[in-house]
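Written below as structure tokens is the structure these notes are about.
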């Protein structure tokens, strides 16, 4: 019995030792696991990690401490820093904590409860070849080798399942350096905060991860949050990029922006949804873009920005890639300030950076494909531009122009890719120099049509003076434009068609020559109503043109050039001007330009004229001009009428009447002008120049009848000078060399009135033809003729007596006597009538004898005195002896006869015909008087004037 007990105890002891040994072994394993986890793994990682970074990346790195908890499966790494071959730090962090999920490892999932990275540092370089420093370092240390594809590779193998409960980055910094552009730039993104929860790399039904990212570059922030799925790739969330400064933007947009960005901040936010499964799905909505205080300069060398703005805001931005649909809400922009400059060569500064050396060839049109992608649909809810300013500086004119539109606003309705739909608009602006403009209506982009209600008020015309001076030497001293009308344009067919209808007026207008005293043209009001203009065919119709209180100042300078001739810019010759006029006429004719003016109303007009070529200067004026011109047109048949009345020099009455043919044609215009009671002393400077005498008194009446057909003119000028009295003599090189006063005295009638008809004709297109010069020349020639043939001017009186004017200038005597020849008494009677009618005329009587005719008659009388007979033989001998000078009469005989004949004429005129003695003067007798055809001796008269 005693020997059987040990065999019963032994199995129990064996089991006890086994359990103890197992426990010890397990403990040893745990200790070894713990030692390996707590000591070996951190040591191995601390040595391997720098080594691998050196081998794979070429980086020099160090780790301050690595801790691993094999039981909790957590890894903590402290103070990693790695530098590239250049000695610059590439990556680093203060602390990395990784918590592995053991439960998911059992399920075949590599899961991480959390990964937290604190204060990481990453330096990302974009290289010149657009590579990245990380890829460069890897490629340099891991040369690629061509390896045959593994036959055993399982194409159906799926990527490992990864799960991240939470990924967090706290307070990181990203240094981004860009070397891809001509000027390197660097950007520090800090803090860099990221939170990513519940991320898996395999599809899970109704389970998505959520994330939140916050990054900043100074005051510039990126905020990104939403849901994320890796397989399939799907994300839905919200992205906001705020306060991105112009320094950041300028670096990235510089290769594409032709201008110099000098200011601005951008904020962009949007909801989005994106998916990459069976194609790309992308949709954004409720987006908003805000640009604040943008500043653009034309070039880097520009001293100041040419564009600045307040805030540009675009809301309700939405885009659907699959539907090819883009929608934009309201586009609002305030305080836009733009300056445009045109240089001396006509180049606009904003366009210069866009110009390219060689034009790109136009791409050949490709045939349309029926299965091509659908066109993008887009829409904009509207544009609202407020409180804008646009400045135009033009250096091309001789004097720089500077025009600015201020308080500019523009509002449009919605528009879209459907360009055939009309878009409403409302435009308002103020001109800095004075005035406002507005336009409202609708526009259709394609085909282009425009409807506009246009209004302008208080527009100072001096604003546009520089452009007026490009073609005319004029200075605008005043003028305010106002207009109101409707403009319709239509480009559905070629050429463009359209109409304008409305009214316009210019008030307080004044224009003159630069640096000249006195104005050239002015008026109080010019009103055009209504205006109808048709673009094609070109047609202009104006109902009524009302010109109130116009005043024109015409001055002929000392150089004989009128001020109106100085309007044309220097350098354009008369030939050039004529060529331009012909070209314009031809262009109008080819284009079929039509114009009609219903009536022109003239109210209280005035014209002043000064001629400074005279000394003293001549001045005259027309005032109180009132009347109308009706029916003006260039389309036949058309007959207009003119009826204008006024005053000359505030005294004389002026009446202008007539008909006007179709303008620009050969139709006849018949114009009549009458003027009464003009004071002749006003014309004294002209009388002094051309006649050599001033005017002391008298009045002038005119009755002009002009017939104009095309450029040909035929005119009758009836000039009446009443009681004209010349004044003092005037030294003038232009004065006619003739007894002017005698000519005037001959032209006067018994009432002291001179009435002459001065017909003229000519071609108005001839630059040497002047109506005034021709009329003056005709009048002067008439005076010269009167002075040269004074008795011919008495023709009307002579004709009444059956005589010619030349016959009144002489009287015939019977040889050897003081008896008038037969019929000569009637001459003296007619001459006496002329003298009595013209009391200023003086008759100079020069008695005369013919030595032969009178001498022979006296000789015969002496030989037959006392009843003595004289045979033919005796007379022939005596006559021959007298003619031979062998026989003479007493020397006083012929002298006495000559004197007696003058006395006899004077006696007959004074005593018989009652001619005042103060008009009769005896001259020294002539001793060689002429003999007429009848043998009578002729005594000639001369006329003079007091």
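The values are calculated or read from the model by the stated rules, or taken from the named source; none is laboratory data. The structure displayed is predicted, hence computed values, not measured ones. Neighbour counts run over all protein chains shown; Cβ positions are idealised from the backbone, glycine included.
When residues of region 245-257 are filtered for being assigned to a loop (DSSP other than H, G, I, E, B) and surrounded by fewer than 15 Cβ atoms within 10 Å (Cβ to Cβ), how many remain?
3
Can you spot a residue in region 616-631 that is under 38 Å from the mean Cα position of the chain (by Cα), surrounded by fewer than 17 Cβ atoms within 10 Å (Cβ to Cβ), at pLDDT below 90 and not in a strand (DSSP E or B)?
Checking region 616-631: not a single residue is under 38 Å from the mean Cα position of the chain (by Cα), surrounded by fewer than 17 Cβ atoms within 10 Å (Cβ to Cβ), at pLDDT below 90 and not in a strand (DSSP E or B).
Restricting to region 888-910, name every residue that is surrounded by 14 or more Cβ atoms within 10 Å (Cβ to Cβ), under 15 Å from residue 828 (Cβ atoms) and either in contact (Cβ under 8 Å) with a residue 12 or more places away in the chain or out of contact with any helix residue (DSSP H, G or I) (no Cβ under 9 Å at 6 or more places or on another chain) (or both).
Within region 888-910, 901, 902, 903, 904, 905, 906, 908, 909 qualify.
Residue 790 versus (1) surrounded by 16 or more Cβ atoms within 10 Å (Cβ to Cβ); (2) touching a strand residue (DSSP E or B) at 6+ places or on another chain (Cβ under 7 Å); (3) modelled with pLDDT of 85 or more: which is the lone unmet condition?
With (1) surrounded by 16 or more Cβ atoms within 10 Å (Cβ to Cβ); (2) touching a strand residue (DSSP E or B) at 6+ places or on another chain (Cβ under 7 Å); (3) modelled with pLDDT of 85 or more applied to residue 790, the lone miss is (3).
Looking for something within 26 Å of residue 114 (Cβ to Cβ), at pLDDT below 90, crowded, with 16+ Cβ neighbours inside 10 Å and in contact with a helix residue (DSSP H, G or I) (Cβ under 7 Å, 6 or more places away or on another chain) - is there at least one such residue anywhere in region 81-89? Step through it out loud before you land on a result.
Residues of region 81-89 within 26 Å of residue 114 (Cβ to Cβ): 81-82.
Within this subset, residues satisfying the condition of being at pLDDT below 90 are none.
No, because not a single residue in region 81-89 is within 26 Å of residue 114 (Cβ to Cβ), at pLDDT below 90, crowded, with 16+ Cβ neighbours inside 10 Å and in contact with a helix residue (DSSP H, G or I) (Cβ under 7 Å, 6 or more places away or on another chain).
Is it the case that residue 329 is farther than 19 Å from residue 257 by Cα and in a strand (DSSP E or B)?
Against the criterion (farther than 19 Å from residue 257 by Cα and in a strand (DSSP E or B)), residue 329 qualifies.
So that you can scan it fast, the table gives a plain yes or no per residue for (1) outside any strand (DSSP E or B); (2) surrounded by fewer than 16 Cβ atoms within 10 Å (Cβ to Cβ):
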| residue | (1), (2) |
| --- | --- |
| 49 | yes, no |
| 52 | yes, yes |
| 68 | no, no |
| 77 | no, no |
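Among the numbered conditions (1) in contact with a helix residue (DSSP H, G or I) (Cβ under 7 Å, 6 or more places away or on another chain); (2) at pLDDT 90 or above, tell me where residue 681 comes up short.
Failing condition for residue 681: (1).
Could you list, in sequence order, the residues of region 719-755 that are in a helix (DSSP H, G or I) and touching a helix residue (DSSP H, G or I) at 6+ places or on another chain (Cβ under 8 Å)?
Across region 719-755, the qualifying residues are 740, 742, 743, 744, 746, 747.
For residue 913, which of the numbered conditions (1) within 26 Å of residue 750 (Cα to Cα); (2) surrounded by fewer than 18 Cβ atoms within 10 Å (Cβ to Cβ); (3) in contact (Cβ under 8 Å) with a residue 40 or more places away in the chain; (4) in contact with a strand residue (DSSP E or B) (Cβ under 9 Å, 6 or more places away or on another chain) fails to hold?
For residue 913, the failing item is (4).
Condition first: part of a loop (DSSP other than H, G, I, E, B) and over 28 Å from residue 444 (Cβ atoms). Now tell me which residues in region 381-424 satisfy that. Write out each step before concluding.
Residues of region 381-424 that are part of a loop (DSSP other than H, G, I, E, B), as a first pass: 395-400, 413-414, 417-422.
Hits for region 381-424 are 395, 396, 397, 398, 399, 400.
For residue 242, state whether it is out of contact with any helix residue (DSSP H, G or I) (no Cβ under 9 Å at 6 or more places or on another chain), over 20 Å from residue 276 (Cβ atoms), outside the structural domain of residue 117 (by TED's automatic domain parsing) and part of a strand (DSSP E or B).
Answer is yes for this residue.
When you scan region 126-143, do you find a residue that is assigned by TED's automatic domain parsing to the domain that holds residue 216, modelled with pLDDT under 90, assigned to a strand (DSSP E or B) and buried (at least 17 other Cβ atoms within 10 Å of the Cβ), even just one?
yes
Quick test of your reading of the structure: residue 203 fulfils all but one of (1) in contact with a strand residue (DSSP E or B) (Cβ under 9 Å, 6 or more places away or on another chain); (2) within 22 Å of residue 318 (Cα to Cα); (3) surrounded by fewer than 16 Cβ atoms within 10 Å (Cβ to Cβ). Name the failing condition by number.
Every listed condition holds for residue 203 apart from (2).
Please indicate, with yes or no, whether at least one residue in region 352-363 is modelled with pLDDT of 90 or more and surrounded by fewer than 18 Cβ atoms within 10 Å (Cβ to Cβ).
no
From 461, 468, grab the single residue that is under 21 Å from the mean Cα position of the chain (by Cα) and free of Cβ contacts under 8 Å to residues at least 24 places away in the same chain.
On the way: 461 fails: free of Cβ contacts under 8 Å to residues at least 24 places away in the same chain.
After applying the criteria, what remains is 468.
With the structure loaded, tell me whether residue 104 is touching a residue at least 24 places away in the same chain (Cβ under 8 Å), touching a strand residue (DSSP E or B) at 6+ places or on another chain (Cβ under 6 Å) and closer than 26 Å to residue 204 by Cβ or whether it fails that test.
yes
Which residues, counting only those in region 883-897, are more than 10 Å from residue 858 (Cα to Cα), out of contact with any strand residue (DSSP E or B) (no Cβ under 9 Å at 6 or more places or on another chain) and in a helix (DSSP H, G or I)?
883, 891, 892, 896
If I filter region 918-928 for residues that are in contact (Cβ under 8 Å) with a residue 60 or more places away in the chain, closer than 11 Å to residue 813 by Cβ and touching a helix residue (DSSP H, G or I) at 6+ places or on another chain (Cβ under 8 Å), do I get at least one hit?
no
Which residue out of 233, 290 is loosely packed, with under 14 Cβ neighbours inside 10 Å and touching a strand residue (DSSP E or B) at 6+ places or on another chain (Cβ under 6 Å)?
Matching residue, one of 233, 290: 233.
Filter region 486-514 down to residues that are outside any strand (DSSP E or B) and touching a strand residue (DSSP E or B) at 6+ places or on another chain (Cβ under 8 Å) and give me whichever is surrounded by the most Cβ atoms within 10 Å (Cβ to Cβ).
Step by step, filter region 486-514, then rank; the result is 513.
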